[in-house]
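Each remark here refers to the structure printed beneath this line.
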Amino acid sequence: VPLFETPQALERSATIMRTCWEQLPHQLNPMVMLGYSDSNKLSGMVTSQWLIYQTQLSLMALADAFRQPLRLFH
């Protein structure tokens, strides 16, 4: 299960998952963890919440494009 928690990881998550789905389309666990702790500490609560929201939207759109199931959890 990938964990995206820092602001940088949240911003790169779609790129990382795209690469995974391109290279291993049938071997991935469709669960992705989005963390709050590091993003809150490093960017502040409001920015962290916004990054997590944007990450959820981009990952859901990417999963749809690849026709992959996706389960996000926090």
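Data table
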read-out: Qualifying positions in region 57-74 - open to solvent by 70 Å² or more (accessible area, probe 1.4 Å) and in a helix (DSSP H, G or I); value: L57, M60, D64, A65
read-out: Positions within region 11-56 being under 21 Å from R71 (Cβ atoms), assigned to a loop (DSSP other than H, G, I, E, B) and either without any contact (Cβ under 8 Å) to a residue 24 or more places away in the chain or open to solvent by 60 Å² or more (accessible area, probe 1.4 Å) (or both), in sequence order; value: L24, H26, Q27, N29, Y36
read-out: Unmet requirement for G44, which otherwise passes all of (1) at negative phi; (2) among the small types (G, A, S); (3) more than 10 Å from the chain's Cα centre (by Cα); value: (1)
read-out: Of residues in region 1-10 being in a loop (DSSP other than H, G, I, E, B) and in contact with a strand residue (DSSP E or B) (Cβ under 7 Å, 6 or more places away or on another chain), the one surrounded by the most Cβ atoms within 10 Å (Cβ to Cβ); value: P2
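The values are calculated or read from the model by the stated rules, or taken from the named source; none is laboratory data. Just so it is clear, the structure is predicted and the values come from calculations on it, not from any experiment. Don't worry about glycine lacking a Cβ; one is built from the backbone with ideal geometry, like all the others, and counts go over all protein chains shown. Each accessible area value is taken on the protein alone, full model and side chains, heavy atoms only, with ligands, DNA and RNA left out. Shrake-Rupley method; radii C 1.70, N 1.55, O 1.52, S 1.80 Å.
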